[in-house]
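The values are calculated or read from the model by the stated rules, or taken from the named source; none is laboratory data. On a predicted model such as this, the values are computed, not experimentally measured, just so you know. With ideal geometry, Cβ positions are generated from the backbone for all residues, glycine too; neighbour counts draw on all protein chains shown.
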Amino acid sequence: MKATQYTGIYAGKNAVRMEFIYRHQRCRETIHVRPTDSNLRRLRDHLEEVRMAIKIGKFDYFEYFPESKNAFQFSDNKAAHMTIEQMMTGWYEQSYKNWAFSTEKANRGRMDNHVIPNFGKIIVEDFTPSRFREWQRTATVSAKTVNEVHSLLSQAFDFLVYDDIIDQNPMKRVRRLKHQTKEVRPFVPEEREKILAALSEGYARDFYEFAFWTGLRTGEQIGLRWENVDLERKVIFIRESVVKGRKAGTKTQGSNRTHELSKQALQVLNRIKDYGNDSEYVFLDPRTHERWKCEGVPRERFWTKALSKASVRYSKPYSCRHTYASIMLSQGENPMWVAHQLGHKDWGMIRKVYGRWIKKGIDFIGDGVIRELPKS
C-alpha cells in the first residue's frame, strides 16, 4: 500500500490501512473499502478519534475494531470475548502433542460430540457452575461420559487460570457424578479352551492364546516386534502400540515395561518362530502375512466367529486381559507383580477391578506396599 496525504493512512486498490501506536506497539488495521477521497477523509477522522481515545485512556480496541486479532490481544477482559469453543480449541492445540494417540482421539471425540455442541457458544465470562449442573442433571449420556466432559472443561479452564485470563476454575465447584464401574467378567478356563479350539490353527489362534496368557492390550500385541522379544530370558519389552492402524507409544508411561512370559506364552512365540516368519513383527495377518492393520481386523474376522462357534457368551477381546489378571491373582501371584505385568503404574487398579480374585492372606498397607498376613 502507498502512503496518502493523511498521516498513518495507506491506500491499496480495494483496501485502506490505518496505523497507530497503542501501548508502545505499532498497530495496523486494514479496512476493506475503496480508497476514494470521501472514504479517506472518513478514515482520517476515525483515526483521529482512535488517537484521542488512546491519549485520554478511553480506548477500547473491541469497540473500534471488533474483528481484529489485536482486539483480543490487548483486551483487559479476555474472558468477555472468548467462547467456550475457542477456549477448548486453544487448550487442545496446546495439549494434544503430549497425549498418546488413543487419548487424543478420545478427547477429540468428547469435545466434538459433547463439549462444543452443549457449551461451545457460551462466553467464558458467562459460564457458571450451574450451567454445567443443569446439563449434568438432564444429560442422557452415562455418568462416566458426564465426568469425562467435566474433566475436559476443567483442564481447559485451568489453562485460562494459569494465563491470568480468569481468577478461578468454575468446574472446581461442580461435583463429579458417582458411577459404578461395571464388574469385569473374565472367561473361566473351560470357556478359554473352547474359544481357542474354535479358532483356526496358526496366526489367529496364536494371537488370542498369547493374549490369554499375557494380558497385553490388543494394540500392544499387534505392535510387538521380534527385536523386543528375548526368548532366552523369557521376557518381552513393551515399547509401542498400534491404535486405529497407526503406530503409537504405549498408553501411559507405566505401560512401557518388561513383561515376564508364562510357559504357555513362551510356547506360542516358539511356535511362531518355527513358521519361518521373517517380518519384524511377531503377529501377522494370515491373509497378508503382514502386521495386523488394526485391532478391529482380528476381532471381526476371527474372535466374534470363534465365540459363536464355541457357544460362549460374547465379550470383547479385552476380556483376555481380565482372564489373565484373574488367573494370576487366583494362583496367589503378588498383586504388584500382576500390576506391572499389565502395565499399571501401581496396585490401585488391581485392587479396584480384580480385588475379589486376590488370594486371601494379602493386605494392602498403603503407598503400594503389600504384606502377607500371618497365618492363624
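This table checks each residue for (1) under 21 Å from Glu148 (Cβ atoms); (2) surrounded by 14 or more Cβ atoms within 10 Å (Cβ to Cβ).
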{"position": "Gly57", "(1), (2)": "no, no"}
{"position": "Tyr61", "(1), (2)": "no, yes"}
{"position": "Tyr64", "(1), (2)": "no, yes"}
{"position": "Met87", "(1), (2)": "yes, yes"}
{"position": "Lys97", "(1), (2)": "yes, no"}
{"position": "His114", "(1), (2)": "yes, yes"}
{"position": "Val124", "(1), (2)": "yes, yes"}
Checklist line | Residue check, Glu48 in a helix (DSSP H, G or I), modelled with pLDDT of 95 or more, over 41 Å from the mean Cα position of the chain (by Cα) and surrounded by 12 or more Cβ atoms within 10 Å (Cβ to Cβ) | finding: yes
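Kindly indicate the residue of segment 352-366 that is surrounded by 10 or more Cβ atoms within 10 Å (Cβ to Cβ) and at pLDDT 50 or above and also nearest to the chain's Cα centre (by Cα) among those meeting that condition.
Taking segment 352-366 and keeping what is surrounded by 10 or more Cβ atoms within 10 Å (Cβ to Cβ), we get 353-359, 361-364.
From what is left, the residues that are at pLDDT 50 or above are 353-359.
Numbers: Val353: 21, Tyr354: 24, Gly355: 27, Arg356: 30, Trp357: 30, Ile358: 31, Lys359: 34 Å.
In this case the residue turns out to be Val353.
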Notebook entry, point to check: Does any residue in segment 122-141 that is without any contact (Cβ under 8 Å) to a residue 24 or more places away in the chain come within less than 8 Å, Cβ to Cβ, of a residue that is surrounded by 12 or more Cβ atoms within 10 Å (Cβ to Cβ) six or more places away or on a different chain, and which pairs are these?
Noted result: Arg131/Phe119; Arg131/Ile122; Trp135/Asn118; Trp135/Phe119; Ala139/Thr145; Ala139/Val146
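Condition check ((1) over 31 Å from the mean Cα position of the chain (by Cα); (2) assigned to a helix (DSSP H, G or I); (3) surrounded by 15 or more Cβ atoms within 10 Å (Cβ to Cβ); (4) at pLDDT 95 or above) across all residues:
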residue: Pro298; (1), (2), (3), (4): no, yes, yes, no
residue: Lys309; (1), (2), (3), (4): yes, yes, no, yes
residue: Cys320; (1), (2), (3), (4): no, yes, yes, yes
residue: Ser326; (1), (2), (3), (4): no, yes, yes, no
residue: Met336; (1), (2), (3), (4): no, yes, yes, no
residue: His340; (1), (2), (3), (4): no, yes, yes, no
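Determine if segment 196-205 includes at least one residue that is modelled with pLDDT of 95 or more, assigned to a helix (DSSP H, G or I) and more than 24 Å from Val235 (Cα to Cα).
Pass one, segment 196-205, residues modelled with pLDDT of 95 or more: 196-199, 205.
Now narrow it down to the ones that are assigned to a helix (DSSP H, G or I): 196-198, 205.
Now narrow it down to the ones that are more than 24 Å from Val235 (Cα to Cα): 197-198.
Checked against the condition, which is being modelled with pLDDT of 95 or more, assigned to a helix (DSSP H, G or I) and more than 24 Å from Val235 (Cα to Cα), segment 196-205 yields at least one hit.
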Checklist line | Restricting segment 127-171 to residues that are charged (D, E, K, R) and loosely packed, with under 12 Cβ neighbours inside 10 Å, the residue that is farthest from Met82 (Cα to Cα) | finding: Arg137
Next item on the list: Consider only pairs whose beta carbons are under 9 Å apart and that are at least six residues apart or on different chains; among these, list those whose first residue lies in segment 216-236 and is outside the structural domain of Glu290 (by TED's automatic domain parsing) and at pLDDT 95 or above and whose second residue is surrounded by fewer than 17 Cβ atoms within 10 Å (Cβ to Cβ) and assigned to a loop (DSSP other than H, G, I, E, B).
Entry: none
Checklist line | segment 143-185: number of residues that are part of a helix (DSSP H, G or I) and in contact with a Leu (Cβ under 9 Å, 6 or more places away or on another chain) | finding: 7
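How many of the residues in segment 19-70 are hydrophobic (A, V, I, L, M, F, W, C) and over 16 Å from Thr4 (Cβ atoms)? Write out each step before concluding.
Residues of segment 19-70 hydrophobic (A, V, I, L, M, F, W, C): 20-21, 27, 31, 33, 40, 43, 47, 50, 52-54, 56, 59, 62, 65.
Subset that is over 16 Å from Thr4 (Cβ atoms): 21, 27, 50, 52-54, 56, 59, 62, 65.
Number satisfying all stated conditions: 10.
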Next item on the list: Return only the number of the condition from (1) assigned to a strand (DSSP E or B); (2) surrounded by fewer than 16 Cβ atoms within 10 Å (Cβ to Cβ) that Glu232 does not satisfy.
Entry: (1)
Margin query: When the residues of segment 51-72 are narrowed to those that are assigned to a helix (DSSP H, G or I) and in contact (Cβ under 8 Å) with a residue 12 or more places away in the chain, which ends up farthest from Phe157 (Cα to Cα)?
Written below: Arg51
Next item on the list: Determine which member of the set Phe20, Phe74 is surrounded by 14 or more Cβ atoms within 10 Å (Cβ to Cβ) and either touching a Cys at 6+ places or on another chain (Cβ under 7 Å) or at pLDDT 95 or above (or both).
Entry: Phe20
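Can you confirm whether segment 249-259 contains a residue that is within 22 Å of Arg205 (Cα to Cα) and either within 31 Å of the chain's Cα centre (by Cα) or assigned to a loop (DSSP other than H, G, I, E, B) (or both)? Break it down into steps so the answer makes sense when it comes.
First, pick out the residues of segment 249-259 that are within 22 Å of Arg205 (Cα to Cα): 259.
Next, from what is left, pick out any that are either within 31 Å of the chain's Cα centre (by Cα) or assigned to a loop (DSSP other than H, G, I, E, B) (or both): 259.
Within segment 249-259 (the criterion being within 22 Å of Arg205 (Cα to Cα) and either within 31 Å of the chain's Cα centre (by Cα) or assigned to a loop (DSSP other than H, G, I, E, B) (or both)), the answer is yes, since at least one residue qualifies.
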Next item on the list: Can you run down the residue pairs with Cβ atoms below 6 Å, 6 or more apart or on separate chains, where the first is in segment 161-177 and in contact (Cβ under 8 Å) with a residue 40 or more places away in the chain and the partner is buried (at least 17 other Cβ atoms within 10 Å of the Cβ) and not in a loop (DSSP other than H, G, I, E, B)?
Entry: Ile165/Lys78; Ile166/Leu160; Met171/Leu153; Met171/Phe157; Val174/Phe132; Leu177/Val146
Checklist line | Positions within segment 273-288 being surrounded by fewer than 20 Cβ atoms within 10 Å (Cβ to Cβ) and outside any loop (DSSP other than H, G, I, E, B), in sequence order | finding: Lys273, Tyr281
Checklist line | Matching residues, segment 1-17, being surrounded by 15 or more Cβ atoms within 10 Å (Cβ to Cβ) and either closer than 17 Å to Ser75 by Cα or within 46 Å of the chain's Cα centre (by Cα) (or both) | finding: Val16, Arg17
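Here is a check on your reading of the model: is His150 farther than 21 Å from Met349 by Cα, of a type outside the set (Phe, Trp, Tyr) and not assigned by TED's automatic domain parsing to the domain that holds Arg356? Spell out the reasoning first.
On the way: farther than 21 Å from Met349 by Cα: yes; of a type outside the set (Phe, Trp, Tyr): yes; not assigned by TED's automatic domain parsing to the domain that holds Arg356: yes.
The answer is yes for His150.
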Notebook entry, point to check: Considering segment 294-317 alone, what residues qualify as being within 14 Å of Phe207 (Cα to Cα) and among the basic types (Lys, Arg)?
Noted result: Arg299, Arg301
